[in-house]
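For reference, the structure discussed in these notes is given below.
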Amino acid sequence: MANKGFVISRLPGFNPIAGLVFAGLYLPILILVVYSFNAGRSVASWEGFSLQWYAVAWENDAVKDATIRSLYLAASAAVISTVLATLAALGTTRRKAFGGQTFIYVMINQPLMVPEIVSAVALLIFFAMIKQATGYAGMGYLIAAHSAFCIPFAYLPIRARLEGMDMTLETAAADLYASTWQAFRFVTLPLLLPGIFAGMMLAFVTSLDDVVITVFVKSAGQDTLPTYMLGQIRRQVTAEINAISTVLLALTVLLLTLFFVLTRKKDE
């Protein structure tokens, strides 16, 4: 009888333990989604099916302002961080190994390794000095903070895409007298686009959901949707918050699904 090797799913108790893990992860989210359609104001007592809380959220001017601000911030941070991450990935992969390469890789991924609260406090102190010197208190600080925080999230899929690309076509382009820019424009960039789009979507979702850095860096009147929801929850948890959370969840799932589709094409 052939040895089929170790299979973790055959261990005793694997299925019930896996079921408990998935229940712990997704049951609270499922309850939130269900109660976003509750006809009553209670978040613990079902009073019938209704879409009224989605309508209430849609008609709330504060929610609209926070949503627009969140989308603008996330889109700006995603574009900036993806451009910088693409340049960093090209500089650390499409060349021979060099001294300090590992250090550069560590520094690029520093936001992933340092607790977010540390980055938030550091940015708060740094931007406070700039605010005092310049008097500027606009959205630029939030965009800069989110862009810096999102760089590693965009960098990792782009770097993975580059490392999985065969350099044969680029070498052939060089043999056909294509300049470095022409080889990048017509060969490397088209092959890299799935990784770039995946990195951008991951950066967008990360920025859209961020609370800690936003709370520390934002000025008055710059609430994003997550910080607005946090403020409302401190007063009272309502079905309107459930509805907003469900919409955010749906958007996040959609973008992450696209992310996995794009990254899977890399292997195909």
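Throughout, read-outs are computed from the coordinates displayed, never taken from laboratory work. What you are looking at is a predicted structure, and each value in this text was computed from that prediction instead of being measured. Here the Cβ is made from the backbone with ideal geometry for all residues, glycine too, and neighbour counts use every protein chain on show.
Listing 11, 162 from the residue with the fewest other Cβ atoms within 10 Å to the one with the most, what is the order? Could the numbers behind the result be given before it?
Numbers: 11 10, 162 19.
Least crowded to most crowded, the residues run 11, 162.
Hey, can you rank 151-159, 209-217 by average C-beta count inside 10 Å, highest first?
Values: 151-159: 25.0, 209-217: 19.7.
Averaged packing, sorted descending, gives the order 151-159, 209-217.
Rounded to the nearest 0.05, what FRET efficiency do residue 128 and residue 10 give with R0 = 51 Å and r taken as the Cβ-Cβ distance? Could you check?
Details: r = 57 Å, r/R0 = 1.11.
Taking R0 as 51 Å, the efficiency between residue 128 and residue 10 is 0.35.
About the Cα centre of the chain, how large is the charge dipole given +1 on each Lys and Arg Cβ and -1 on each Asp and Glu Cβ? Please answer in debye to the nearest 20. The partial results should precede the final answer.
On the way: 18 positive and 15 negative charges, 95 e Å.
For the chain, the charge dipole is close to 460 debye.
Would you mind pulling out the separation of the Cα centroids of the stretch 225-265 and the stretch 114-185, in Å?
25 Å
Among 196, 143, 104, which one shows the biggest mean-square fluctuation in a GNM of the chain, springs joining Cα atoms closer than 10 Å?
Judging by the Gaussian network model, the answer is 104.
Mean Kyte-Doolittle of at least 0.5 and a Cα length of 24 Å or more along the axis: which whole DSSP H helices of the chain meet both? Mind showing how you got there, number by number?
Values: long enough: 14-35 (31 Å, 2.01); 61-93 (47 Å, 1.02); 116-134 (26 Å, 1.67); 140-163 (33 Å, 0.80); 189-209 (29 Å, 1.69); 239-267 (42 Å, 1.26).
Membrane-span-like by this criterion, though nothing is claimed about a membrane: 14-35, 61-93, 116-134, 140-163, 189-209, 239-267.
What aspartates and glutamates could a cross-link reach from residue 64, if we take a straight Cα to Cα line under 14 Å and drop same-chain neighbours fewer than 8 places away?
Qualifying aspartates and glutamates at Cα under 14 Å: 223, 240.
Find which of 135, 168, 60 sits farthest along the positive direction of the dipole of the chain, computed with +1 on the beta-carbon of Lys and Arg, -1 on that of Asp and Glu, about the Cα centre.
In the chain, that residue is 168.
For each of 240, 116, count neighbouring Cβ atoms within 10 Å of the residue's Cβ, then give the residues from fewest to most. Please list the in-between numbers first.
On the way: 240 21, 116 15.
Taking fewest neighbouring Cβ atoms as first place, the list is 116, 240.
First check a/c for the chain, with a ≥ b ≥ c the square roots of the eigenvalues of its C-alpha gyration tensor; if it is under 1.5, answer rounded, and if not, answer prolate when a/b is larger than b/c or oblate otherwise.
Numbers: a/c = 2.07, a/b = 1.29, b/c = 1.60.
Taking the square roots of the gyration eigenvalues as a ≥ b ≥ c, the chain is oblate.
Quick check: residue separation of residue 137 and residue 93 times 0.36 nm, minus the Cα distance between them. What number comes out in nm? Working shown, then result.
Numbers: separation 44, 0.36 × 44 = 15.84 nm, distance 3.79 nm.
Roughly 12.1 nm would be gained on extension.
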